[in-house]
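Read-outs: derived from the displayed coordinates by stated rules, not from any lab. Everything numeric in this text was worked out from a predicted model, so none of it was measured. No Cβ is skipped: glycine too gets one built from the backbone with ideal geometry, and neighbour counts run over all protein chains shown.
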Amino acid sequence: MSTAVKSSPLGLTVLSLLHFKPLHPYGMQRLLKQWGKDQVVNVGQRTGLYRAIDRLLTAGLITVRETERDQQYPERTVYELTEAGRETTRSWLLDMLRTPKQEFPEFPVALSNLMLLAPAEIEEALAARLASVRDTLTALERGLAATAEFGVPRVALLETEYSLAVARAEAGWLESVIADLRSGALAWSAEELLAVATASEAQAV
């Protein structure tokens, strides 16, 4: 009998992998990297993968199929999906597709407070970010080409296409903001910010 467990990107990914065949954690991690899923799911640390597996196991969404024993490798536990796991996978997947969730990444928080920095500092920081985003774009494009060589169908690579679209949009936006900083089109003063804050306080009273 299954118990409630909160959906998570890694949890959904484990359940999805087990739809195809029973796997042990090393096999899951290898497939994730081979298919380029490590671009959207954090599997760099195997500890996180084991924790996700433990939660799914406790919830009754997966079960132990067997323990592989080989003299060349440590014992490996092979997991398979339960019927509750199949139903939960479908439910989580549809919910994640349908419903945008309010997430709180660091970058928008930094943007909301960047007036504390001088324009030159902001320009330098955003230029460094732009260089990093461009590197990400290159890596994603290469990754997409590499996975295509394995014959992976497009439907299994849509998340990479999405990541590419987001990175391209961010790069274009960063370029425009940096250009505005350099031209002076984006400028502010402490007096202007104080006046806005004072006006907001007066309206709140």
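With 10 Å bins from zero, work out the P(r) of the chain over every alpha carbon pair and list the percent per bin.
P(r) over the chain, rounded to whole percents: 7, 24, 26, 19, 14, 8, 2, 0.
Could you give the angle, 0 to 90 degrees to the nearest 10, between helix 119-149's Cα long axis and the longest principal axis of the Cα atoms of the chain?
30 degrees
Report, to the nearest 10°, how far helix 190-204 tilts away from the longest principal axis of the Cα atoms in the chain, using its own Cα long axis and a range of 0 to 90°.
70 degrees
Suppose every K and R has +1 on its Cβ and every D and E has -1 on its Cβ; what is the size of the dipole of the stretch 9-98 about the Cα centre, in Debye to the nearest 20?
240 debye
Using 0.36 nm times the number of residues separating residue 158 and residue 51, minus their current alpha carbon distance, what extension gain do you get?
35.9 nm
Could you compute the FRET efficiency for residue 189 and residue 134, with r as their C-beta to C-beta distance and R0 at 30 Å, rounded to 0.05?
0.40
What ranking do 93-106, 165-178 get when scored by the average of other Cβ atoms within 10 Å per residue, highest first?
165-178, 93-106
Quote the convex hull volume per residue of the stretch 9-98, based on C-alpha atoms, as a whole number of Å³.
Output value, Cα hull per residue: 96 Å³.
Rank these for me by crowding, 194, 157, going from fewest to most other beta carbons within 10 Å.
Least to most surrounded, the residues fall as 194, 157.
Obtain the nm distance between the two label points defined at residue 127 and residue 102 by a simple spin-label model: each point lies 7 Å from its Cα along the Cα-to-C-beta direction.
Between residue 127 and residue 102, the label points sit 3.7 nm apart.
Counting helices only, and only those DSSP H runs with n ≥ 4, report the 222 nm mean residue ellipticity of the chain as the sum of -39,500 (n - 2.57) divided by its residues, in deg cm²/dmol to the nearest 500.
Mean residue ellipticity, 222 nm, calculated: -21000 deg cm²/dmol.
If you fit an axis through the alpha-carbon atoms of helix 46-58 and take the longest principal axis of the Cα set of the chain, what angle between them do you get, 0 to 90°, nearest 10?
Approximately 60 degrees, to the nearest ten.
So how far, in whole Å, is the C-alpha centre of the stretch 36-102 from the one of the stretch 144-205?
Using only Cα atoms, the two centres lie 33 Å from each other.
Sorting 142, 134 on the 10 Å Cβ count, fewest up front, what's the list?
Fewest-to-most Cβ neighbours within 10 Å comes out as 142, 134.
Under Stokes-Einstein, with the Kirkwood radius over Cα pairs standing in for Rh, what whole-number D in µm²/s applies to the stretch 106-204 at 10 °C and 1.306 mPa s?
In µm²/s, the coefficient rounds to 98.
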